[in-house]
1. I'm told Asn184 meets every condition in (1) under 17 Å from the mean Cα position of the chain (by Cα); (2) assigned to a helix (DSSP H, G or I); (3) closer than 18 Å to Phe117 by Cβ except one. Can you identify the failing condition by its number?
2. Among the residues that make up region 10-27, is at least one of them over 18 Å from the mean Cα position of the chain (by Cα) and of a type in the set (Ser, Thr, Tyr)?
3. I need the helices (runs of 4 or more DSSP H) fully contained in region 52-171, keeping only those with at least 1 residues that are under 30 Å from Met257 (Cα atoms).
4. When you check Lys148 against the structure, is it out of contact with any Ser or Thr (no Cβ under 6 Å at 6 or more places or on another chain) and among the basic types (Lys, Arg), yes or no?
5. State the number of residues belonging to region 17-32 that are without any contact (Cβ under 8 Å) to a residue 60 or more places away in the chain and surrounded by fewer than 24 Cβ atoms within 10 Å (Cβ to Cβ).
6. From the set of residues in region 199-222 that are free of Cβ contacts under 8 Å to residues at least 12 places away in the same chain and in a loop (DSSP other than H, G, I, E, B), which is surrounded by the most Cβ atoms within 10 Å (Cβ to Cβ)?
7. Taking the residues in region 147-172 that are hydroxyl-bearing (Ser, Thr, Tyr) and crowded, with 21+ Cβ neighbours inside 10 Å as candidates, determine which candidate is nearest to the chain's Cα centre (by Cα).
8. Regarding region 247-258, can at least one residue be identified that is outside any strand (DSSP E or B), charged (D, E, K, R), closer than 30 Å to Ile86 by Cα and at pLDDT 90 or above?
Amino acid sequence: MEFGLRDRVAVVLAASRGFGFAAAQALAKEKCRVAICSRSKSSIDNAGKKIKSETGVMVIAQSVNVQNKNELAGFFHNVQEKWGKIDILVSNAGGPPVKNFEDTIEEEWAEWFETTFMSVVRSIQLVLPQMKLQKWGRIINIASITVKSPLSGLTYSNALRLGVIGLAKSLANELGPFGITVNNVAPGYHLTDGLERIIRKKIENGLQRDEIISQWTDAIPVRRLGAPEDLAGLIAFLASQQAGYINGATIQVDGGMYSGSL
């Protein structure tokens, strides 16, 4: 299927690996120009080189801490200065630490509020004027299955990512008339650094890695963990011309693990 994304400009945050990298790669394969960032300069440079060598598209790769509003603004300014527009925003950030509520501390709540929620708010603020002017845009937030079914030990994620869902639903109503859609994707158990943090915590509590993986896969109807590419395909579709009537949705990509009807 031709997604109609050739020469669109996509910005993908936290894209040196995992979901962000897979999303940027999928969009580049559709011939989008992609701008990617992460905190590590060497990691994001390597990711940019890999995407460019595999797809032949133009890539901007920049070291950015999404908690830092000045660095974030500078990154978006650089993209617009070079390419004149931003058509697609994929918001993403590293996941909070694995903690139960009584182990959380106020300073971490503030830190992860900045990372998980305010990075999304600021990124959308930075792309909105141009998207409204051109009357076309796609905003896709990478959230987590925790927004539909909270997971034990993921207190920060369970609480803060729901704020992103509420924001997206509000914006879907406000921005739809301008040809801008706002959607969320909610990955389940995918083999990423975030999942490895959960695995390490369970190992600290006395479980074996094989046992942990087996428990998860037994609970997933397709009987396997996901790969980042399983999510990236949906992101590319939501960015496409064909997905223009999907707005305000939160779509889980979890192999059927979530048992709710909605």
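The values are calculated or read from the model by the stated rules, or taken from the named source; none is laboratory data. None of these values were measured; they are calculated from a predicted model. All Cβ positions, even for glycine, are placed from backbone atoms using ideal geometry, and neighbour counts span all protein chains on display.
1. Every listed condition holds for Asn184 apart from (2).
2. Among the residues of region 10-27, not one is over 18 Å from the mean Cα position of the chain (by Cα) and of a type in the set (Ser, Thr, Tyr), which makes the answer no.
3. Counting at least 1 such residues, we get 106-113, 119-134.
4. So Lys148 passes the test.
5. Number of matching residues: 1.
6. Per the criteria, the residue is Leu207.
7. Ser157
8. For region 247-258, residues outside any strand (DSSP E or B), charged (D, E, K, R), closer than 30 Å to Ile86 by Cα and at pLDDT 90 or above: present.
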